[in-house]
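Trainee: Encoded as structure tokens, here's the structure I'll be asking about.
The values are calculated or read from the model by the stated rules, or taken from the named source; none is laboratory data. It should be emphasised that the depicted structure is a prediction, and the values quoted were computed from it without experimental measurement. Here Cβ is always computed from backbone atoms with ideal geometry, including for glycine, and neighbour counts include all displayed protein chains. The protein model used for the area step is the full one, side chains on, heavy atoms only, and it has no ligands, DNA or RNA in it. Shrake-Rupley method; radii C 1.70, N 1.55, O 1.52, S 1.80 Å.
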Amino acid sequence: MSRNTRKIAVGAAALLSGMGLLAGCGSMPAGPSSGPASSSASAPTESKKLTVVTHDSFALSDELKKEFADSTGYAVTYVQPGDGGALVNQLILSKDSPLGDVVYGIDNTFAGRALAEGVVTPYTPASVPESVAKLAADDSGRLTAIDLGDVCVNADKKWFADKKLALPATLNDLTKPEYKDLLVVENPASSSPGLAWLTATVGAQGDPGYLEYWKALKNNGVKVVKGWTEAYSTEFSGSSGKGSRPLVVSYSTSPAFEVPKGGKESNTTALLQTCFRQVEYAGVIAGAQNEVGARKFIDFLLTKKVQADIPGEMYMYPADSSVELPKDWQRFAPLAEQPFSVPAETISAKRDSWIREWTATVIG
């Protein structure tokens, strides 16, 4: 695809206010869908402007953005404070003066923190597909699942073929001497893919066993960078940046983007025994100036048109499993059959201590 911000370097903390008037899907209801009432006793607020706060990998087709704009009449501004971790941090820091009205991009590793800090308020669309409901972060109705994907190590197949070195397959393979200085990962303190993969290592190695695993990775030359864009688009040898490291933490869907035009094979592959299942959510920001518009935008994200647009624009799986996927995804972008998992309540309770312990162990 020509536009996929999970594959194109985007400046963190970018303010995309130059995108003009963006508005809603023609099939959108004229008013908010039914669902839990506003967190306040008064009627939900509405204004002529809508501010959408997202991570820096958010992308939808211009046609759909225009369709939403034409339907609602809102002037929509997109604010992108950085990776998923930075997004949640900024929502918390600004909750007394909210960054916007609606947020997309809080994932299941940071959801517990966002919910505990009260940065989103209850809202559930009127009609939620069963596959979406099953991905709920909790039972409060404050976050609606929009998409999902597996965070996995990706490998540059050509690099390994040229070196006549076998591809690693498992987490433990990454600690072997033959793979020294080959892996780049994102910092879990600032990156949602980074935290997702840290959680994968907890799921695989246990707690505190994951720390011993990371000590082994550190001794084997793992490189840590701030976020996904730097890791994939700059440091990874298999991407457009042509970096020096042939192993990177990214998504199981990333190889579908690395198929050359007219080609039949991807230049990269995801190591499906190294994955954690990531779910991304949207929610109405507490204190929103346009709560009605925020609800409409969440409804919009769950329409069939937007759900079908997500694979090509963000290279994630739609939360609505009834939506048809691109024909080449079965081959180039499969989900892991057995991703590592950690209960949501455990992630919420332990996330901060994992990050502190990881930082002390890996960064020093």
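Trainee: Report the calculated FRET efficiency for GLN289 and GLU117 (r = Cβ-Cβ distance, R0 = 22 Å), to the nearest 0.05.
Mentor: Calculated value: 0.70.
Trainee: Mind giving me the nanometre distance, one decimal, between the label points for ILE92 and LYS176, set 7 Å out from Cα along Cα→Cβ?
Mentor: My value for the distance between the label points is 3.9 nm.
Trainee: Right, something else. Using a 1.4 Å probe over the heavy atoms of the protein chains, calculate the carbon and sulfur portion of the accessible area of the range 162-230 as a whole percent.
Mentor: Whole-percent figure for carbon plus sulfur exposure: 50.
Trainee: Restricting to the chain, what percent of DSSP beta bridges are antiparallel, rounded to 5? Could the numbers behind the result be given before it?
Mentor: Working: 28 of 44 bridges.
Percent antiparallel among DSSP bridges in the chain is about 65.
Trainee: Using DSSP to define loop residues, name the GluC sites (Glu not before Pro) in the range 266-364 whose beta-carbon has at most 13 other beta-carbon atoms within 10 Å.
Mentor: Counting only loop positions with at most 13 other Cβ atoms within 10 Å, the GluC sites (Glu not before Pro) in the range 266-364 are GLU324, GLU337.
Trainee: Now for a different question. Rounded to the nearest 10 degrees, what's the angle between the helix 291-301 long axis and the longest principal axis of the chain, both from Cα atoms, 0 to 90?
Mentor: 50 degrees
Trainee: Per residue, how much accessible area does the chain have with a 1.4 Å probe, in Å²?
Mentor: The answer is 41 Å² per residue.
Trainee: While we're here: Treating the angle as unsigned and between 0 and 90°, give the value, to the nearest 10°, between the Cα long axis of helix 192-205 and the longest Cα principal axis of the chain.
Mentor: Helix 192-205 and the main axis of the chain meet at about 50 degrees.
Trainee: Sort largest first and round to whole Å: the equivalent ellipsoid semi-axes of the range 202-357, each the square root of five times a Cα gyration tensor eigenvalue.
Mentor: They are 28, 25, 16 Å, listed from largest to smallest.
Trainee: While we're looking at this one, here's another question. What is the Cα radius of gyration of the range 70-125 over 2.2 N^0.38 Å, N being its residue count?
Mentor: Values: Rg = 12.2 Å, N = 56, 2.2 N^0.38 = 10.2 Å.
Dividing the Cα radius of gyration by 2.2 N^0.38 Å gives 1.20.
Trainee: Continuing with this model, one more query. Under a 10 Å cutoff between Cα atoms, tell me which one of LYS66, LYS163, LYS226 has the largest fluctuation in the Gaussian network model of the chain.
Mentor: LYS163
Trainee: Can you list which of the trypsin sites (Lys or Arg not before Pro) found in the range 248-319 are DSSP loop residues with at most 15 other C-beta atoms within 10 Å?
Mentor: Working: sites: LYS261, LYS264, ARG277, ARG295, LYS296, LYS304, LYS305; in loops: LYS261, LYS264.
For trypsin sites (Lys or Arg not before Pro) across the range 248-319 that sit outside H, G, I, E and B with at most 15 neighbouring Cβ atoms in 10 Å, the list reads LYS261, LYS264.
Trainee: Calculate the spin-label point distance for ALA75 paired with ASP139, positioning each point 7 Å from the Cα along the beta-carbon direction, and give it in nanometres.
Mentor: Taking the simple label geometry, ASP139 and ALA75 are separated by 4.4 nm.
Trainee: Between the helical axis of 209-219 and the dominant principal axis of the chain, each derived from Cα atoms, what acute angle in degrees is found, rounded to the nearest 10?
Mentor: That works out to roughly 60 degrees.
Trainee: Here is a further query. Cα-based Rg (one decimal) and Dmax (whole number) for the range 72-177, in Å?
Mentor: My reading of the Cα-based Rg and Dmax gives 19.4, 59 Å.
Trainee: Have a look at LYS176, LYS215, LYS164 and tell me which one the Gaussian network model of the chain (Cα, springs below 10 Å) gives the largest fluctuation.
Mentor: The residue that fluctuates most here is LYS164.
Trainee: Could you compute the FRET efficiency for GLU337 and ALA166, with r as their C-beta to C-beta distance and R0 at 22 Å, rounded to 0.05?
Mentor: Efficiency computed from Cβ-Cβ geometry: 0.55.
Trainee: What list of ³J(HN,Hα) couplings, whole Hz, do you get for the range 125-135 from phi and the Karplus terms 6.51, -1.76, 1.60, once you set θ to phi - 60° and write x for glycine and proline?
Mentor: x, 4, 10, 10, x, 4, 5, 6, 4, 5, 9
Trainee: Right, another one. If I compute semi-axes √(5λ) of the Cα gyration tensor in Å from the structure I just sent, which labelled value in (i) 37, 22, 21; (ii) 34, 23, 17; (iii) 35, 26, 17 lines up?
Mentor: (ii)
Trainee: Compute the distribution of all C-alpha to C-alpha distances in the range 116-200, in bins of 5 Å from 0, and list the percent of pairs in each, rounded to whole numbers.
Mentor: 3, 10, 16, 15, 14, 11, 9, 8, 8, 5, 2, 0
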